[in-house]
Amino acid sequence: MSLIESLRTLLGADQVLTGEAAEPFLIDWRGRYKGRAQAVVRPANTEQVAGVVKLCVAHRTPVVPVGGNTSLCGGATPDDSGRAIVLSLSRMNRVRAIDPDNDTMTVEAGCVLQSIQEAARQADRLFPLSLAAEGSCTIGGNLSTNAGGTQVLRYGNTRELTLGLEVVTADGEVWDGLRGLRKDNTGYDLRDLFIGSEGTLGIITAATLKLYPLPVAQRTALLALNSMEDAVIFLSRARAGFGASLTGFEVMQGQVLDAVVRLFPQQRIPFEGASAKSAWFALLELSDSESAEHAQARFEAVLGAAIEDGLVTDAAIAENIAQSKAMWHLRESIPLAEAELGKSIKHDVSIPISLIAEFVRVTNAKLQSHFPGIQNIIFGHLGDGNLHYNVARAADQTEAQLMAQQYEVYQVVHDSVHDFHGSISAEHGVGQLKRDELTRYKSELELSLMKRIKRAFDPDNLMNPGKVLQN
């Protein structure tokens, strides 16, 4: 029996997609990568995932897992050989259990992130992972790239929010590591190996996640600033003044927000005059466990002192949930504005916070030296040192001319990231986009250790081949 016939017997013919039905799974979210596959399969449970993997191993066929298909680095797109089976986890979308006393919930990999947030909220708990694609991305994809988002400052990346995993290994066995334990030192931490491995070591099918008490009150403010240097200094003050209550600190270049309100007129920057044209803006959020009055008093004290000292030139504090959502909507609309403006060369980098201002100054100058007139689109999660340092075309350039320079731009930016002791991938993963770049910035020993781990877990190189590491 052929592989496709065997898969149809295992899953049902309607869950094995070929031809036009498979096409949406073969192109990445950005439209940058398009691959081919024998079929797209949609298992309903972990046992079926294991069965698919065993069949693929028997036929020596690669397996490419996909969740919400929101990868920004081509991590869930097959190559163009047509050999692979794409394994969609979208049907595995159950919340298996919520344990409020242990502050945990166990969910399947195909659960959409927003659905997990809502399920936690219904149990009077918070699951704090939050990012722009939360309405379509799945927790399996978040785990595969160790996603970050807007609240890493307080709660950490996806790895820090995960206690246990269920994984189908490269030979089709099922590892049940769904332990809701905060202390478990019984050997190597397999959980942390699978998280961030982008499906190259095995397929995550479920996870036990940490929950937190819902905050009693939240306060959101948009700040106008003169420079990135002032933003970094104010971040230190905010940490000292708010402590663990500071849950988010985003930074945005002024011209980036200008583009958002120009392209989406229903949105507005809540300042008048010079403040509305500031060089930089910061968006911060405070989550208080005491009371709304306590949160407001702390907010006003810290912001008032910063305004008096000239670190912050103006501040707009949200007075209700609608105003808070409007401020966050400004931030979350930046990628949409980028898409409207045309193609850009995107970078997801992390830099030590103390060096970020100098990194921006130096790297901007290097880019102008190499590519006069090229434009920067800079925003990101200043609280954890993660910048989306994107590059747009010069006024006299076409998109095609910009994209022809992309690898030269990558080299300038990534070399600068390396010089500032940073990372070329902060939260989007490596996928196939940055795979070859790793060889420039990781030591031979690091790459050798990673390859040894890959061979140990996946000796036949069938798990999402060509991602993270070269074949």
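The values are calculated or read from the model by the stated rules, or taken from the named source; none is laboratory data. Treat the numbers as computed from the prediction; the structure is a model and nothing was measured. Neighbour counts are summed over all protein chains in view; Cβ atoms, including those assigned to glycine, are modelled from backbone coordinates with ideal geometry.
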Checklist entry - Can you name the residue in the stretch 51-68 that is part of a loop (DSSP other than H, G, I, E, B) and touching a residue at least 60 places away in the same chain (Cβ under 8 Å) and, of all such residues, is surrounded by the fewest Cβ atoms within 10 Å (Cβ to Cβ)? => result ARG60
Checklist outcome for this item: Note on ILE269: of the conditions (1) part of a helix (DSSP H, G or I); (2) surrounded by fewer than 22 Cβ atoms within 10 Å (Cβ to Cβ); (3) touching a residue at least 24 places away in the same chain (Cβ under 8 Å), unmet is (1)
Checklist entry - Which ones in the stretch 339-379 are touching a helix residue (DSSP H, G or I) at 6+ places or on another chain (Cβ under 8 Å) and acidic (Asp, Glu)? => result GLU340
Checklist entry - Can you name the number of the only condition in (1) over 30 Å from VAL468 (Cβ atoms); (2) modelled with pLDDT under 95 that ASP230 fails? => result (2)
Checklist entry - Could you list, in sequence order, the residues of the stretch 85-106 that are under 17 Å from LYS210 (Cα atoms) and not in a loop (DSSP other than H, G, I, E, B)? => result VAL95, ARG96, ALA97, ILE98, ASP99, THR104, MET105, THR106
Checklist entry - Any idea which of THR18, THR9, THR46, THR70 is outside the structural domain of ALA147 (by TED's automatic domain parsing) and under 24 Å from ASN471 (Cα atoms)? => result THR70
Checklist entry - Tell me, which helices (runs of 4 or more DSSP H) wholly within the stretch 112-208 include 3 or more residues that are among the acidic types (Asp, Glu), at pLDDT below 95 and under 14 Å from the mean Cα position of the chain (by Cα)? => result none
Checklist entry - Restricting to the stretch 254-266, what's the tally of residues that are out of contact with any Lys or Arg (no Cβ under 8 Å at 6 or more places or on another chain) and either closer than 10 Å to ALA337 by Cβ or surrounded by 21 or more Cβ atoms within 10 Å (Cβ to Cβ) (or both)? => result 7
Checklist entry - Quick check: is even one residue across the stretch 441-453 surrounded by 15 or more Cβ atoms within 10 Å (Cβ to Cβ), of a type in the set (Phe, Trp, Tyr), more than 24 Å from GLN375 (Cα to Cα) and touching a helix residue (DSSP H, G or I) at 6+ places or on another chain (Cβ under 8 Å)? => result yes
Checklist outcome for this item: Counting only residues in the stretch 280-298 that are out of contact with any Asp or Glu (no Cβ under 9 Å at 6 or more places or on another chain) and among the hydrophobic types (A, V, I, L, M, F, W, C), the one modelled with the lowest pLDDT is identified as ALA292
Item to check | Residue count for the stretch 107-137, restricted to those that are within 13 Å of LEU209 (Cβ to Cβ) and polar (S, T, N, Q) | outcome: 2
Item to check | Hits in the stretch 272-300 - residues which are in contact (Cβ under 8 Å) with a residue 60 or more places away in the chain and under 21 Å from ILE378 (Cβ atoms) | outcome: ALA282, LEU283, LEU284, GLU285
Item to check | Pick from the stretch 462-471, criterion of a type outside the set (Lys, Arg) and either buried (at least 16 other Cβ atoms within 10 Å of the Cβ) or in contact with a Pro (Cβ under 6 Å, 6 or more places away or on another chain) (or both), ranking: nearest to ASN146 (Cα to Cα) | outcome: VAL468
Next on the checklist: Being at pLDDT 95 or above and within 30 Å of HIS347 (Cα to Cα) narrows it down to one residue among ARG32, ARG36, ARG42, ARG60; which is it?
Outcome noted: ARG36
Item to check | Among residues of the stretch 1-50, those that are in a loop (DSSP other than H, G, I, E, B), crowded, with 18+ Cβ neighbours inside 10 Å and small (Gly, Ala, Ser), counted | outcome: 2
Next on the checklist: For the stretch 301-327, give me each residue that is farther than 16 Å from VAL232 by Cβ, part of a helix (DSSP H, G or I) and either more than 26 Å from the chain's Cα centre (by Cα) or in contact (Cβ under 8 Å) with a residue 24 or more places away in the chain (or both).
Outcome noted: ALA301, LEU303, GLY304, ALA305, ILE307, GLU308, GLN323, SER324, ALA326, MET327
Checklist entry - Is there a residue being in contact with a Pro (Cβ under 9 Å, 6 or more places away or on another chain) and under 27 Å from THR363 (Cα atoms) anywhere in the stretch 394-402? => result yes
